[in-house]
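The structure appears below as structure tokens.
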Amino acid sequence: MVISAMGCSSTRFLQKDEVLVRKIKLKNIDLRFEEQAYEYVQRDLQKPSWLNLRLYILANTKHGKYRTENIKKIGEAPALLDSSLVEISRTQIEKFLQTKGFLSAKVQSAIAIEKQKARITFTANAGEEYTINEMSYSIPDSSVRSLYLKNQASISSIAVEKRYDADTLNAEREQVYQLMKKNGYYEYLRQYLRFEVDTNGLKNKTNLKLLISNPPGKLAHEAYTIGDSYLAIRTSTGALAGAKIDSAVLDNQYYLKDYSGRFKLKPITRYIFSKKGSKYSLEAENLSYDRLYDLNVFRNIKISYQKQSDSSHVLDAIYDFTPLKKMSNRLEGEYTLNAARNGFNIGNTYTNRNLFGGAEQFDLKFRYGVLFESKSLSQLSDRAFNREFELGANLIFPRIVIPFKNTVSSKNGLSHTTFSTSFQYFRQKNAFENRTFINAISYDWMETKFKKHTFTPFNLEYRNGQLDADFRDYLNANGFGLYVKTNDRQFVNFGSQYAFTLNNILLSTQSNFFYLKASADLSGNTLGLLNKALNLKIDEKGYRTVFGLPYLQYAKAELDLRWYKHFGGDKQLVFRLNPGVGIPYGNNTALPIEKNFFAGGTNGIRAWQARTLGPGNYNRADIDPQIRQNLRNLDQLGEIKFEGNLEYRFKILNNLFGAKVKGATFTDFGNIWRIRAVAENPGGEFNSSKFFKQFAIGAGAGLRFDMDYFIFRLDAAVKIRDPQFTGSDQWVIKNMFNKEFKQIYATTHYPDVYRFVQYNFGIGMPF
């Protein structure tokens, strides 16, 4: 392994007695352990990244030398030779190899210096690999011995003939600790377990003896059971004082003193898993921590224990809670920019975290968005191309609320029941206006820690869409009746939805895993079945109605499949596939506009603005300029979607004004399609023989500013292949700097212009 430390230019800032570490080389180390061995090279000898070093040089050089005082915490300092650090590194690498089974390993170091640049070489003589010859046990406490031997097969990774590895022994110590702690042994300590390693008379083998000693001065380990539980809830400032103290007792085991005056006892005890009379269990304690924090009403929780008497084997549990502020406000925003159109979304969420005293959460949300014509000379208010407004409320209960017995366990995760209502308004200038009112009841629960189910048995929507009168007449006159049919109408939607999510808990980790979210949206099934029984009326347009309004019938499914690959540190590769299909049936020949798929945007194919890609080979040059203007964002929809993303993530800076700066390079591909040919979107229908030929491709790079609590994201993406063109002309990247191409496009597609680069600003990761 050879590691380059930095460019030669850095040497000009050195003092005469300073030497720059240029290379570090590790020789004769088993490839399985080479990368780990390098981690034992002292950090001050390891190279910073090129960018970090350059930033450090800019901030911390003066008069041609590195600063020795008032050093600014920007970038990373160069690696300077220090012989004491070289020796420490040599010793640590040697010890590391010995822990991995090379018990006779020796490591030597050598330093070569030329022109204030050093090359450090660590050469190992690892010797033979030691394996385990024999395993024995010494556990004087018969109860502990029985418990260990009963669970050995499931917790132990030590086996005869396997390579000796100190990490395996440490893992065994931790497994035994967890086993004891969940079986009543409250006072058990990790240091009670140790190993004796014997290599005498053995060639490249070792005998292991596992010893679990008794506590000092005792003949056995003592097991404890849980007694009463005492709960104290402080004020949000952390005080154990208040004008009024609420007290409560439940089941002769839970005793509450609420100094905040805001909480009920029973909803909290639902998530305390250490019950009276049960064995003390660290597992139950940690589970209680997890679920109580999941309630999102407590800022700090502390669980401790107290013996009922000096000789008692009964522990009273003491719960100390500090609540979050009951009410909060969160402001969010997003900005999209290109030379043709720019706009923003701004939203505010008011939250009450404990509405009824049982950790019920009430959210009141407001969002407003607007998209402007960048080149318009009109006043700002007249440049607004479209506007969106949304007002909604959610009431979330931290449990399943149903009129019959609930069998869903909270051990794997908190369950929720959500009652939601929202009003949405959308207006596109001189084209379209839409009002939507939605009410729903949803349930979500964890089957395991990795499997989540979300079920919406009741979803009632009312929509009133209206086209501008002149625009409606113009569409009808020019053969665009589909858009009149799907947009200029009122309807109700009685539907149900279901989603399954796998490994959502792993999204914030740096590990290797698959993520899956599968969702289904069904509407009108029940009304379709009851049509004859209820004798539902048919309106003048041929739609069956309920309460005088047409109802929807459709089926829609979508899949989000991702593969996360971790390469160490903050380096991660993410591959994503996102297919979907929506099928109208029965009372509908086409999906309503809001149930269609669209392509582009900050979380999709980022080289295109949202709703400006596809379907298929559809080219907007084929439609009338007036329709082209007014149908923008309404005509590029589809019933089929297939998107994919490949993104490589890495760290750039550890600290930039309090934020970690991470980078990403990415490639996005895919499109949307009509399920069948329609006159309004020529070339937009799905055809398996043209599937890959109709892929849009974009690529780019981005920055992520990680503030711990949220991530601020900036992406820049470039169009590479555009399916609206034909043949080799689809590879538009070749015309990126071709002014004639852009001029011709502006003429044939007026008022649309062709922009190769799309900038996206957002909060959170794209996926």
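General remarks:
- When Leu282, Leu324 are screened for being in contact (Cβ under 8 Å) with a residue 24 or more places away in the chain and in contact with a helix residue (DSSP H, G or I) (Cβ under 6 Å, 6 or more places away or on another chain), only Leu282 passes.
- Some residue of region 609-619 being assigned to a strand (DSSP E or B), within 24 Å of the chain's Cα centre (by Cα), of a type in the set (S, T, N, Q) and on the phi < 0 side of the Ramachandran plot: no
- If you go through region 678-696 and keep only what is among the small types (Gly, Ala, Ser) and either surrounded by 14 or more Cβ atoms within 10 Å (Cβ to Cβ) or outside the structural domain of Ser728 (by TED's automatic domain parsing) (or both), you end up with Gly683, Gly684, Ala696.
- Of all residues in region 441-490 being aliphatic (A, V, I, L, M) and free of Cβ contacts under 8 Å to residues at least 40 places away in the same chain, the one that is farthest from Phe419 (Cα to Cα): Ala477
- Residue in region 291-304 that is free of Cβ contacts under 8 Å to residues at least 24 places away in the same chain and part of a helix (DSSP H, G or I) present: yes
- For region 204-218, the tally of residues that are in a loop (DSSP other than H, G, I, E, B) and in contact (Cβ under 8 Å) with a residue 60 or more places away in the chain stands at 3.
- Taking region 93-136 as the range and being within 22 Å of Thr206 (Cβ to Cβ), not in a strand (DSSP E or B) and not hydrophobic (A, V, I, L, M, F, W, C) as the test, the residues that pass are Glu94, Lys95, Gln98, Thr99, Lys100, Gly101, Ser104, Gly127, Glu128, Glu129, Tyr130.
- Any hit, region 645-652, residues being over 30 Å from Arg427 (Cβ atoms), outside any strand (DSSP E or B) and not basic (Lys, Arg): no
- Criterion: within 30 Å of the chain's Cα centre (by Cα) and without any contact (Cβ under 8 Å) to a residue 60 or more places away in the chain - qualifying residue of Glu390, Glu433: Glu390
- Residues that are in contact (Cβ under 8 Å) with a residue 24 or more places away in the chain and part of a helix (DSSP H, G or I) within region 155-191 comprise Ile155, Ala166, Asp167, Leu169, Glu172, Val176, Gln178, Leu179, Met180, Lys181, listed in sequence order.
- Meets criteria (outside the structural domain of Leu656 (by TED's automatic domain parsing), surrounded by fewer than 20 Cβ atoms within 10 Å (Cβ to Cβ) and among the charged types (D, E, K, R)) for Glu94: no
- Residues of region 657-683 that are closer than 29 Å to Lys556 by Cα, at pLDDT below 95 and not β-branched (Val, Ile, Thr): Arg676, Ala677, Ala679, Glu680, Asn681, Pro682, Gly683.
- Verdict on Gln724 being more than 30 Å from Gln572 (Cβ to Cβ), in a loop (DSSP other than H, G, I, E, B) and either among the small types (Gly, Ala, Ser) or assigned by TED's automatic domain parsing to the domain that holds Leu631 (or both): yes
Quick grid of which residues meet (1) modelled with pLDDT under 95; (2) surrounded by 18 or more Cβ atoms within 10 Å (Cβ to Cβ); (3) touching a Lys or Arg at 6+ places or on another chain (Cβ under 7 Å):
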site: His221; (1), (2), (3): no, yes, no
site: Ala239; (1), (2), (3): yes, no, no
site: Tyr255; (1), (2), (3): no, no, no
site: Gly261; (1), (2), (3): yes, no, yes
site: Lys279; (1), (2), (3): no, no, no
site: Asn286; (1), (2), (3): no, no, no
site: Ile301; (1), (2), (3): no, no, no
site: Ser312; (1), (2), (3): yes, no, no
site: Tyr319; (1), (2), (3): no, yes, no
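- Pick from region 196-219, criterion among the charged types (D, E, K, R) and over 28 Å from Ser274 (Cα atoms), ranking: modelled with the lowest pLDDT: Lys203
- Among residues of region 353-365, those that are at pLDDT below 95 and out of contact with any Pro (no Cβ under 7 Å at 6 or more places or on another chain), counted: 5
- Looking at Gln490, Gln510, just one residue is of a type in the set (S, T, N, Q), modelled with pLDDT under 90 and within 37 Å of the chain's Cα centre (by Cα), and that residue is Gln510.
- Selected residue (criterion: nearest to Phe397 (Cα to Cα)) from residues of region 249-264 that are assigned to a loop (DSSP other than H, G, I, E, B) and of a type in the set (Lys, Arg): Lys264
- Taken over region 727-767, the criterion of being within 36 Å of the chain's Cα centre (by Cα), assigned to a helix (DSSP H, G or I) and surrounded by 13 or more Cβ atoms within 10 Å (Cβ to Cβ) is satisfied by Gln730, Val732, Ile733.
- Being crowded, with 16+ Cβ neighbours inside 10 Å, among the hydrophobic types (A, V, I, L, M, F, W, C), within 17 Å of the chain's Cα centre (by Cα) and within 30 Å of Ala77 (Cα to Cα) is a description that does not apply to Ala659.
- Any hit, region 676-696, residues being under 21 Å from Gly601 (Cβ atoms), in a strand (DSSP E or B), of a type outside the set (Asp, Glu) and under 31 Å from the mean Cα position of the chain (by Cα): yes
- Pick from region 321-342, criterion part of a strand (DSSP E or B) and small (Gly, Ala, Ser), ranking: modelled with the lowest pLDDT: Gly333
- Filtered residues of region 26-73 (kept if outside any helix (DSSP H, G or I), surrounded by 15 or more Cβ atoms within 10 Å (Cβ to Cβ), over 33 Å from the mean Cα position of the chain (by Cα) and aliphatic (A, V, I, L, M)): Leu26, Ile29
- Members of region 675-720 found to be in contact with a Leu (Cβ under 8 Å, 6 or more places away or on another chain) and closer than 22 Å to Ala621 by Cα, listed by number: Val678, Ala679, Glu680, Ala696
The values are calculated or read from the model by the stated rules, or taken from the named source; none is laboratory data. All figures in this text were calculated on a predicted structure; none of them were measured in a lab. Note: ideal-geometry Cβ built from the backbone for every residue, glycine included; neighbour counts use all protein chains shown.
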